[in-house]
Every structure is written in structure tokens, then in C-alpha cells.
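Read through the structure below, which is laid out as C-alpha cells, and then see the notes.
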Amino acid sequence: MSYTNILSQSQSGITTITINRPSKLNALNSQTIEELHTAFERADADTQTKVIIITGSGDKAFVAGADISEFADFSVAEGEQLAAQGQALLFDFIANLQTPVIAAVNGFALGGGLELAMAAHFRVASDSAKMGLPEVSLGVIPGYGGTQRLPQLIGKGRAMELIMTAGMIDAAKAYEYGLVNHVTTQDELLVLAQKIASKIARNSSVAIAAAINAVNAGFEDGKNGFDAEITEFGKCFGTADFKEGTQAFLGKRKPVFPGK
Ligand code: COA
């Protein structure tokens with residue numbers, strides 16, 4: 001499948017997926033969501049890909065939200081379906097992906113854009129980035145996980161205020177809130193994301209996937225994060241990566257992880 005609205009490029013174990021609809025500020029229409037699903041699925045299945053970076057093209061927007069023109073006439077049932085399908089195809093899909101995902105927020109990340117960044121495992125931002133969930137200014141609420149992930153990341157009171165005011169915060173405030181881990185210049189943004197990705201890529205990909213599962217379990221209803229940690233910890237002992245990691249340490253050499 002070739003893509004119309006996104007670009008996907010792989011180099012040195014890092015796949016960079018770029019949303020490429022700059023004339024619409026990279027707004028997420030249904031085709032873009034489907035293409036993103038496919039690109040993430042492929043990158044996750046590719047054993048060469050150790051880390052995925054998601055970003056937006058141009059220097060104005062990461063993603064300015066879900067494409068408003070597509071859902072303006074929707075009924076109640078269609079609205080519910082839009083949220084359910086989007087969460088399953090993209091937002092929950094990314095959050096639970098076994099390959100680490102870093103969002104490089106290069107401009108406006110609004111509505112579905114911030115929800116996409118929040119579905120990633122962590123975020124870095126350019127100093128020009130602006131983030132918010134402005135849905136209530138359109139008479140709707142965030143539907144791609146925003147009401148859940150924003151309070152998890154910045155706390156309930158701050159999330160309530162940001163959602164209720166439909167306001168935007170700049171990169172410095174997002175850093176202060178812990179919404180993004182690092183802020184840098186626009187020019188350095190991908191360089192920084194790649195630098196962090198390279199550090200991650202040196203480690204055991206199976207152990208990283210186990211850590212993603214254990215951390216996520218603590219945020220899921222009906223799951224006990226501590227129990228999940230015990231199970232995932234135990235599973236590591238059956239992997240070739242664990243044997244290589246421990247033997248390399250004891251042999252005073254650098255590990256070469258088989259990723260199994
Ligand atoms: N859905 C569909 N189209 C969008 C969009 C969205 N979420 N965000 C931007 N666009 C389109 C605009 O309609 C415009 O298209 P046009 O040139 O064909 O008219 C183009 O992208 C450029 O946007 P524009 O509004 O002219 O840029 P701006 O610099 O004046 O403003 C924003 C930038 C981000 C403040 C403004 O685009 C905005 O408020 N977007 C909507 C944000 C939002 O509410 N997102 C949540 C959706 S649930």
C-alpha cells in the first residue's frame with residue numbers, strides 16, 4: 001500500500017512516520033487514520049525497527065485535530081462509532097504497541113493531535129509547539145482518549161481546566177506539566193528524538209515491550225500493574241535477550257541483543 005497523507009522512512013533501526021497534509025495542518029481525516037494504522041502495524045512487524053517517531057510535516061502543525069469537515073453532520077450513533085473506531089485503529093493501538101513510539105511535536109497539537117501525541121509512549125516538543133483539547137469550543141468532547149490520558153499525564157485539575165477552557169498551552173508550560181519530556185528548537189527536534197531513539201534501540205526490544213505492557217497495565221481497568229509486572233518480569237527469563245544481556249555483563253562485553 002502506498003500512502004497519500006503520510007510518509008514513512010526507516011533508517012538505523014528508527015522508523016519515522018510523518019503526517020503529510022500541511023495544507024490542512026495535518027488534520028486527521030479517516031484516510032489518514034487508516035494509513036497511520038497500516039504504517040504503525042508495518043513498523044511494529046518489521047524486526048529492523050526498534051523505535052518509531054511520529055511527527056507532522058512543515059513547521060506549523062503536528063496535527064491540528066480530527067478533520068472537522070468529516071464529522072460536522074454526524075448523528076449520535078455515527079459520533080460514537082467515530083470515537084470507537086479511531087481509538088481501536090490508532091490511539092489505543094499506538095499506546096499498546098510493542099515497539100516504543102516517541103511523538104515529536106513540531107507545532108500545533110490540538111484535539112486529536114494532542115490525543116495522538118498522548119497515545120505515544122512519550123513526547124518531545126519544539127519551542128514553538130502549542131497544545132490543547134479545544135473540542136468543547138465545537139460543542140463536543142475529546143473522543144480519542146483525551147479525557148483519560150490528559151489527566152493521567154498532567155493531573156485531574158489541570159486537565160479539567162485545559163479541557164473546559166478549550167485553551168492552549170505552550171511548550172514551556174507543557175514541559176512544566178510533564179506533558180512533554182524535552183523542549184528544543186524546531187531545527188533540533190528530530191535530531192533530539194533520534195538521539196533518544198538510538199539510546200532505546202541499544203537495549204533489549206523484548207524487555208522494552210514487557211516494560212510497556214507492565215506500565216500500561218497500571219492504567220487499565222481490571223488489571224493490577226504489580227501483578228502484570230511480576231508476569232512480564234518472569235517472561236523475560238525465558239528470552240534469548242535476557243541470556244545475552246546477563247552473559248554480556250558477566251563477560252564484560254557489550255550485549256548484542258537478538259531481539260527474541
Ligand atoms: N479539521 C479540518 N481542517 C482543519 C483543521 C481541522 N481540525 N484545522 C485546520 N484546518 C484547515 C483549515 O480549515 C484551513 O483550510 P483551508 O485553507 O482550506 O480553509 C487550513 O487547515 C489552515 O488552517 P487555518 O485555520 O487557516 O490556520 P490558522 O493559522 O489561521 O489557525 C489553528 C490555526 C490551528 C488555530 C486553526 O486552524 C484551528 O483552530 N483549527 C482547529 C483546531 C481544533 O479545533 N481542533 C480540534 C478538532 S476536534
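Brief remarks on what is shown
This table checks each residue for (1) touching a Lys or Arg at 6+ places or on another chain (Cβ under 8 Å); (2) β-branched (V, I, T); (3) away from the ligand (no atom under 15 Å from the Cβ).
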{"site": "M118", "(1), (2), (3)": "yes, no, no"}
{"site": "G145", "(1), (2), (3)": "no, no, no"}
{"site": "Q152", "(1), (2), (3)": "no, no, yes"}
{"site": "M160", "(1), (2), (3)": "no, no, yes"}
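- Residue match in the range 100-120 (condition: under 17 Å from I17 (Cβ atoms) and among the charged types (D, E, K, R)): yes
- Number of positions in the range 16-53 that are in contact (Cβ under 8 Å) with a residue 40 or more places away in the chain and of a type in the set (S, T, N, Q): 6
- Checked against the criterion of being more than 25 Å from N29 (Cα to Cα) and modelled with pLDDT of 95 or more, the candidates G155, G132, G145 yield just one match: G155.
- In this structure, K252 does not satisfy being in a helix (DSSP H, G or I), out of contact with any helix residue (DSSP H, G or I) (no Cβ under 7 Å at 6 or more places or on another chain) and modelled with pLDDT of 95 or more.
- Index of the failed condition, L82 passing every other in (1) assigned to a helix (DSSP H, G or I); (2) in contact with a Gly (Cβ under 7 Å, 6 or more places away or on another chain); (3) closer than 22 Å to A104 by Cβ: (3)
- All positions within the range 23-62 that are away from the ligand (no atom under 16 Å from the Cβ), assigned to a loop (DSSP other than H, G, I, E, B) and open to solvent by 20 Å² or more (accessible area, probe 1.4 Å): D46, T47, Q48, K50
- Residue count for the range 1-11 satisfying the condition of being modelled with pLDDT of 95 or more and part of a loop (DSSP other than H, G, I, E, B): 3.
- Restricting the search to helices (runs of 4 or more DSSP H) fully inside the range 92-189 and requiring at least 1 residues that are without any contact (Cβ under 8 Å) to a residue 40 or more places away in the chain and surrounded by fewer than 21 Cβ atoms within 10 Å (Cβ to Cβ) gives 146-154, 156-165, 171-177.
- Selection from the range 1-35 of residues that are of a type in the set (G, A, S) and closer than 17 Å to V105 by Cα: S8, A27
- So I196, is it free of Cβ contacts under 8 Å to residues at least 24 places away in the same chain and under 27 Å from Q148 (Cβ atoms): no
- Answer residue from the range 199-246, given it is small (G, A, S) and touching a residue at least 40 places away in the same chain (Cβ under 8 Å) and is nearest to F93 (Cα to Cα) among those: A209
- When I68 is tested against the conditions (1) away from the ligand (no atom under 15 Å from the Cβ); (2) open to solvent by 70 Å² or more (accessible area, probe 1.4 Å), the lone failure is (1).
The values are calculated or read from the model by the stated rules, or taken from the named source; none is laboratory data. Everything quoted here is computed from the prediction, not taken from an experiment. Heads up, the Cβs are rebuilt from the backbone with ideal geometry, glycines too, and the neighbour counts pull from every protein chain shown. Heads up: the accessible areas ignore ligands, DNA and RNA and are worked out on the full protein's heavy atoms, side chains in. Shrake-Rupley method; radii C 1.70, N 1.55, O 1.52, S 1.80 Å.
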